[in-house]
Every structure is written in C-alpha cells, then in structure tokens.
1. With the crude spin-label approximation of a point 7 Å out along Cα→Cβ, what separation in nm comes out for Asp123 versus Asn52?
2. Can you compute the modelled spin-label distance between Tyr43 and Leu142, with each label point 7 Å from Cα toward Cβ, in nm?
3. Would you tally the net charge around Lys13, using a Cβ to Cβ cut-off of less than 14 Å, leaving Lys13 out, and scoring K and R as +1, D and E as -1?
4. Apply 1/(1 + (r/R0)^6) to the Cβ-Cβ distance of Leu149 and Lys59, taking R0 = 22 Å, and write down the FRET efficiency to the nearest 0.05.
5. Find how much the distance from Lys22 to Lys115 grows on full extension, using 0.36 nm per residue of separation minus their present alpha carbon separation; answer in nm with one decimal.
6. Calculate one ³J(HN,Hα) per residue across segment 65-73 by plugging θ = phi - 60° into the Karplus curve 6.51 cos²θ - 1.76 cosθ + 1.60, and present them in order as whole Hz with x for glycine and proline.
7. Give me, ordered by chain and number, the residues 5 or more places off Ile118 or on other chains with an amide H under 5 Å from its own placed amide H.
8. Just to check I understand the Karplus step: with θ = phi - 60° and J = 6.51 cos²θ - 1.76 cosθ + 1.60, what whole-Hz values come out for segment 110-116, glycine and proline as x?
Amino acid sequence: MLSKYLGCYDQWKKIIQRYQLKWSYKDNTKVFNDIIANNGNSYNSMVEWLKNTYSKLSKHYGNILLYNTLTGLRPDEACKSIILFQKEIDNNLRKDLMVLEHFKYPDIFLRRTKKAYISVITDSILELAKQCSNCGYNALRLAVKRKGLEMSMAFCRKIFATCLRNNGIGQEVIDLSLNSRKAILHCLFSLLY
C-alpha cells in the first residue's frame, strides 16, 4: 500500500515480477506475539541451547549444528549440504569465491518457495564440514533425542540471521548477499568458540 501512496505502484509491480518476489501469509497475531513475547526463544537462549547441545553431543554430530549456524541453511539443507560436500567436493565448491554452489542440485536446494543458491564459507567451515557425521537430519534428530535434549536445530538459522542483523546488515541483504555473510562469519565463530 505504501507504493500506491508514494505513486510508484507500477514500478513496485515490475520489481515483484522481475525478481519473482513472493510472501507467505502467517497468522499476524502469532507473529506479533512471537516478536513481543519471544516465547523463550531470545537470541541468548538460542545461543545457550546451541552451546549446551554441542557440548553434550559427539563432535561429529555437534559440528553439524555449528555448520548449520555458520551457513544459515535450513536444518535438512545443512545435513544434505554436508553429505554432498563430502561426496562431491570438486563439483560443489567454487574455491575462487569460497562458495558452495547449491544451485547445481536443484532437486535438493531449489524448492518452489524455499531456495538456497549458495553458501559462503571459509577454510574453517570447510574443515568443520569434513569433521561432521555424514548423516541425514533424522539421524541427527535421534542422536539429540537420545541425549535427552530438545531438538531445536531451526535456532541455528535464526542465530545466523540475528547475528547478521545485529551487526547492521539489512534483512534483504541477509537473504541475498554473499559478501555480507562472509564478512560476518567471524562474529559467529567468536560466539561459538
């Protein structure tokens, strides 16, 4: 509605069409309550969950959580990314840009509404991925449950986005830019190590 008020609605419609922008419509009251009440999922409590869970899991499983946090992928995508990385590193990694090219696997990473084209990485993240268990999301979930812990792997992606946002990076850039992710990875490493 702002675009109509400002007189640039036609321009806005062209941008939506050109970049195929879409929105999901959630219950606005629930979203508002989640923001205000935070339902115990504050940034600090999410980081605390990650540290606690990591400390109680074997390194092979715990490293998956760290990898997920440092790449910002969805939980299932992170597990599949590790499996692909370990099987096909030469086809998956573009060393000159230090990015994992997920777009080469459209069946896994390019779904209708959720797409992950690339993940920006560092040498440290590469080493971390090599030390991860080569398992799917369900195996990791069961390993966490066996330790009597709550599985909240979605926190990893939220920690990633919140850390970027807290360091002055806009939501649009967080979703799209590869340079912003690379610049902030050290912030995430300092939180977790």
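1. Taking the two extended label points, one gets 3.6 nm.
2. 3.7 nm
3. Working: positive: Lys4, Lys14, Arg18, Lys22; negative: Asp10.
Result for the neighbourhood of Lys13: +3.
4. Numbers: r = 16 Å, r/R0 = 0.71.
Once rounded, the FRET efficiency stands at 0.90.
5. Fully extending the segment from Lys22 to Lys115 adds 32.3 nm.
6. 5, 5, 4, 4, 5, 7, 9, x, 6
7. Counting only residues 5 or more places away or on other chains, the set is His102.
8. Going residue by residue, I get 10, 8, 4, 10, 10, 10, 10 Hz, with x marking Gly and Pro.
Taken together, the values in this text are just the output of simple stated rules run on the coordinates, not laboratory data. Given the structure is predicted, the values throughout are model-derived calculations rather than measurements. In this analysis, Cβ positions are derived from the backbone assuming ideal geometry, glycine residues included, and neighbour counts consider all displayed protein chains.
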